[in-house]
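The values are calculated or read from the model by the stated rules, or taken from the named source; none is laboratory data. What you see is a predicted model; the values in this text were computed from it and never measured. FYI the Cβ positions are ideal-geometry reconstructions off the backbone, even for glycines, and counts take in every protein chain you see. Surface areas here come from the heavy atoms of the whole protein model, side chains and all, with no ligands, DNA or RNA. Shrake-Rupley method; radii C 1.70, N 1.55, O 1.52, S 1.80 Å.
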Amino acid sequence: MNALFKPNLGRVAVYLGILGLIYALSTRVGGLENLLRPALILTVFMMAGDTVEAARGEKAGLAVRIVGLALAVGTVPLALVILGGGTALIAPRLERFSRTARGAGLMVFLYGLSLLPPLEPIGSVFTYAGLFLLAGYLLAELHERGHSWAEPVERNLIGVGVLGGALGLYASFRGTLSESHPSLVFYGEWLALLLAVITAGSLVHAHVSGSDPEEYLISQWRRHESKTARKLGKELENASKAIEDFVVRGRRGPLTAFLAYYGARVFEEREEFEELVARIADYEGRKTSPLTPPWIRRVIERRELERRARIVEEVLEELRKMMGWEK
């Protein structure tokens, strides 16, 4: 723990004040005494969360508070919903195994929903969806670790969950309908098969256009722009629009044309120059689809932007050397 940690006395006062208020009201209002135990558990974990946050960071502190909230609820289904949902929300902030944590969190969250009394009749929908999502996120973790064959699954994780939910819906109703309405079971099987085929088809779809990420990518590029401009120097200022087109939008044409303009001046280094241009002309980015979870799509878009920025810096630095420009 950080030796300089000092408790936030304002927060501690709020926690203890709320606990004291609940205790005072419970002595006068019947039924409120049932809230004393959950309130005490939550108070302890909220203060512990502040301490852990100071020692291990915001994510660890948030995890402690989520566990406290789950324990305070007292009922297993709601505790699972809170614990799973909290884990799923924290997962994208993790530096390692974020996909595994997200999948496990979603599975626990959906399993908790399946146990809630109003949803029990169709509980299989949530259970199947949770299991399929866990399997999908585990495969996505493998892709993050370098196994390229798992990329179609990562790109279509939402479809994996939909497929699981569709099969769960079929499993929920088949048993009772087979006795009362056997003809509906026949059509239901074909409908479930059709949904499975449609969703499975999305998993092998090579390229599906997603939402336009330009505004987000431009904001990310602005963080790199000044550093890149300093490296490239005034001779390459007129390439700024072509550079932005490539880094933000992945458009290779303008920057390739700009480089080709200088190609006529370096006949003696023709092969080296062609290799330089090929780094831009042959660039292929990772693809996403509408079935890619938004947080994973953002991670991919940011990494691809950083990759394109590095390519630009390397290529134009080499160009400066070929042209003999001094910094």
Subject >> Ranked order, 23, 170, 15, 111 - accessible area, probe 1.4 Å, largest first >> reply: 23, 111, 170, 15
Subject >> Accessible-area order (highest first, 1.4 angstrom probe) of the listed residues 248, 73 >> reply: 73, 248
Original post:
Going by average Cβ neighbours within 10 Å, how do the peptides 36-42, 96-102 rank, with the highest at the top?
Top reply: 96-102, 36-42
Subject >> Inter-site label distance for residue 89 and residue 14 at 7 Å from Cα along Cβ, in nm >> reply: 1.5 nm
**OP:** Report the dimensions of segment 13-120 along its three principal axes from the alpha-carbon atoms, largest first, rounded to Å.
**Re:** 48, 41, 12
**OP:** Mind giving me the nanometre distance, one decimal, between the label points for residue 295 and residue 240, set 7 Å out from Cα along Cα→Cβ?
**Re:** 3.7 nm
Original post:
Between residue 48 and residue 260, 0.36 nm times their residue separation minus their Cα-Cα distance comes to what?
Top reply: 70.2 nm
